[in-house]
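Asks: I'd like to ask you about the structure that follows.
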Amino acid sequence: INDCSVSLNILKSIGNLLIDFHGQHDNQILLNSSQHIEILDLFGDYNKIIANYKQGYAELSATISQLQNLIKKEKDLKQNLKFLKLQFDEINKVNPFENEDEIIENELNIIENSELLHNLTDEIYENLYNSDSSVFNALANIYKPLNQLNEIDPSFANYLEELNSAITIVREIASFSKTYNDKIDFSPEKIEELRTRIFALNSLKKKYGTLDEIIKLKEKLSIELNSIENFDYEIEQLHKKINTQKNDLKIIAVELSELRKNKAKELSDEIKKHLMNLGINYPNFYANFSLKETGDNSLKQIEINNQKTEFANDGIDNVEFYFSANQGESPKQLSLVASGGEISRLMLTLKTILADKTDFPTLIFDEIDTGISGRIAQKTGIAMKNLATNYQIIAITHLTQIGALANWNIVVNKIEQDGKTFANAKSLSQDEKLIEIAKMLSGELISDNAIESAKELINFI
């Protein structure tokens with residue numbers, strides 16, 4: 001591109017903006033009624049309202065999807081409601097708190113060793129404080145002489161402080177041991193109560209994991225059970241939102257439909273005028289409108305003029321082109337009435353009309369003239385030449401009437417060489433063009449009449 005190497009993907013994306021390629025089978029698009037609304041919208045000048053409609057339709061679809069997911073979730077939860085409630089009640093009945101199992105195990109260990117704890121604390125209290133030979137009494141007896149020594153020699157001061165600290169520590173240990181001893185509970189009922197509790201906690205842990213996981217599960221179950229109760233309210237709110245969105249979208253859809261009908265009349269007049277120039281003297285063409293049929297999704301259904309229809313991505317309209325080429329013949333669907341030549345001329349007409357709408361600088365027609373011959377071929381060639389005034393037209397054709405009118409001709413043929421087949425393309429001078437046109441008229445043996453006929457075709461315009 002402009003002497004710069006680019007990737008194939010970039011080349012394709014730019015090519016799609018520069019060139020409109022019409023292949024041999026693209027005429028079939030006209031026979032597919034689902035494509036007709038796109039052709040009409042391409043002709044119409046209402047891109048902004050189409051964008052507004054598509055945005056509104058996307059928002060409506062998103063809300064409907066949200067509602068459907070919520071309804072499904074409600075259904076799934078309600079199906080599991082009994083099981084969820086059973087789990088929640090089982091956990092809630094025990095109602096464990098964080099680290100409760102560790103706390104109970106520790107408490108149970110203390111109570112089960114209460115006799116030993118009683119004896120040991122009593123022994124500590126007696127030896128440290130309560131007996132005549134207690135540590136406290138011994139230290140107290142030392143205090144008086146050490147204090148007297150300190151008064152005489154201050155070097156004993158530090159040791160006197162240490163002695164005071166030791167007496168304080170002994171008193172505190174003795175006091176704690178006495179208090180602890182007084183609180184020891186020998187109650188068998190308390191032991192049974194704690195064992196029953198730890199059994200209940202272990203039963204939950206066996207089913208649901210650690211105590212931390214059980215507490216989190218209880219919170220989750222509580223949320224889900226509460227959400228079931230709130231589903232009705234949430235669903236009601238989404239229904240209200242959908243109704244509001246549908247009413248807003250209906251206004252846009254009706255406006256878009258009216259614009260399409262007005263543009264369809266303009267398109268019909270344009271097509272008739274062009275078809276007459278292409279040799280169809282009594283063309284009749286119009287776009288038939290009907291409302292889209294309602295499907296399974298009732299949430300997208302609306303009523304317009306007492307008739308039910310349904311929002312779709314492209315609006316509420318079904319559009320199908322009706323056509324007749326003969327006087328006194330009622331228009332019918334294109335697929336029922338149009339011949340190959342008529343379809344080719346109709347497609348060329350549409351390409352001509354829509355050229356200004358698409359902004360393609362280059363149009364490629366690969367045998368768009370299928371089914372056309374004689375006088376009509378010449379009219380088709382003239383139409384293509386007129387279109388080439390504003391656009392670059394590249395046409396692959398087998399018709400002399402069309403090839404003769406081109407500003408520049410390339411002849412393509414196959415060459416067999418060394419058991420292989422090659423395609424060859426050769427740009428023609430004016431003299432070579434004359435010879436090729438004459439060949440197309442008379443074959444390899446070119447007569448003087450063929451030369452003269454070729455000159456007439458080339459100089460027709």
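Asks: Per residue, how many Å² of accessible area does the range 1-93 show with a 1.4 Å probe?
Replies: That works out to 67 Å² for each residue.
Asks: At a 1.4 Å probe, what is the % contribution of carbon and sulfur to the accessible area of the range 326-401?
Replies: 46
Asks: To test your reading of the geometry: what angle, between 0 and 90 degrees and rounded to tens, separates the Cα axis of helix 448-458 from the longest principal axis of the chain?
Replies: Approximately 50 degrees, to the nearest ten.
Asks: Rounded to a whole number, what % of the accessible area of the range 188-229 do carbon and sulfur atoms account for, probe 1.4 Å?
Replies: Carbon and sulfur together cover 56 percent of it.
Asks: In the full protein assembly as shown, how much of Ser7 is accessible to a 1.4 Å probe, in Å² to the nearest 10?
Replies: Accessible area of Ser7: about 60 Å².
Asks: Same structure again: If you line up the long axis of helix 47-79 against the longest principal axis of the chain, both from Cα atoms, how many degrees apart are they, to the nearest 10?
Replies: Between helix and principal axis, roughly 40 degrees.
Asks: Working from Cα positions, state the angle (0 to 90°, nearest 10) between the long axis of helix 374-387 and the longest principal axis of the chain.
Replies: The angle comes out at about 50 degrees.
Asks: If you roll a 1.4 Å probe over the heavy atoms of the protein chains, what accessible area per residue do you get for the range 155-306, in Å²?
Replies: Per-residue accessible area for the range 155-306 comes out at 64 Å².
Asks: Please sort 140-148, 237-245, 333-341 by packing, taking for each peptide the average over its residues of neighbouring beta carbons within 10 angstrom, highest first.
Replies: 333-341, 237-245, 140-148
Asks: Follow-up question, since we're still on this one. Rounded to the nearest percent, how much of the accessible area of the range 72-155 (1.4 Å probe, protein heavy atoms only) is carbon and sulfur?
Replies: Taking all protein chains in place, the range 72-155 shows 52 percent carbon and sulfur surface.
Asks: Okay, next question. Using a cut-off of 19 Å between alpha-carbon atoms, which lysines can reach Lys351, once sequence neighbours fewer than 8 places away in the same chain are excluded?
Replies: Candidates past the 8-residue exclusion: Lys263, Lys265, Lys272, Lys273, Lys379, Lys385.
Asks: Would you mind working out the magnitude of the charge dipole of the chain relative to its Cα centre, with +1 at each Lys and Arg C-beta and -1 at each Asp and Glu C-beta, to the nearest 20 Debye?
Replies: The calculated dipole for the chain is roughly 3040 debye.
Asks: While we're on this one: Across the range 1-111, how many lysine pairs, 8 or more positions apart or on different chains, have C-alpha atoms separated by under 21 Å? Please give the number.
Replies: Step by step, the pairs that qualify in the range 1-111 add up to 7.
Asks: Here are labelled values, (1) 69, 63, 49; (2) 70, 53, 50; (3) 154, 64, 48, and one is the computed Cα extents along the principal axes in Å for what I pasted. Which one?
Replies: Label of the calculated value: (3).
Asks: With every protein chain kept in place and ligands, DNA and RNA left out, what is the accessible area per residue of the range 318-430? Probe 1.4 Å, answer in Å².
Replies: 52
Asks: Can you tell which of Thr349, Leu434, Asn409 lies farthest toward the positive end of the dipole of the range 334-461, using +1 and -1 charges on the Cβ of basic and acidic side chains (Lys, Arg; Asp, Glu)?
Replies: Thr349
Asks: What is the packing order of peptides 427-439, 88-100, 312-324, taking the mean over residues of other C-beta atoms within 10 Å and listing the highest first?
Replies: Listed from highest to lowest mean packing, they are 312-324, 427-439, 88-100.
Asks: Pairs of Cα atoms under 8 Å, at least six residues apart: use those to get the relative contact order of the chain, whole percent.
Replies: 19
Asks: Another question, then. I'd like the FRET efficiency for Asn247 and Asn449, computed as 1/(1 + (r/R0)^6) with the beta carbon distance as r and R0 of 60 Å, rounded to 0.05.
Replies: Once the sixth-power term is evaluated, E becomes 0.25.
Asks: Can you work out the FRET efficiency for the pair Ile49 and Val6, with r the C-beta to C-beta distance and R0 = 22 Å, to the nearest 0.05?
Replies: Efficiency, from the Cβ-Cβ distance: 0.05.
Asks: Enumerate by residue number the GluC sites (Glu not before Pro) in the range 209-245 meeting two conditions: DSSP loop (anything except H, G, I, E, B), and at most 15 other Cβ atoms within 10 Å of the site's Cβ.
Replies: none
Asks: Given the DSSP H assignment, sum -39500 (n - 2.57) over each helix run of at least 4 residues in the chain and divide by its residue total; what's the result at 222 nm in deg cm²/dmol, nearest 500?
Replies: -21500 deg cm²/dmol
The values are calculated or read from the model by the stated rules, or taken from the named source; none is laboratory data. Not measured: the values here are computed from a predicted model. Every residue, glycine as well, gets a Cβ built from its backbone with ideal geometry; the counts of neighbours run over all protein chains shown. Keep in mind that these areas ignore ligands, DNA and RNA; they rest on the heavy atoms of the full protein, side chains included. Shrake-Rupley method; radii C 1.70, N 1.55, O 1.52, S 1.80 Å.
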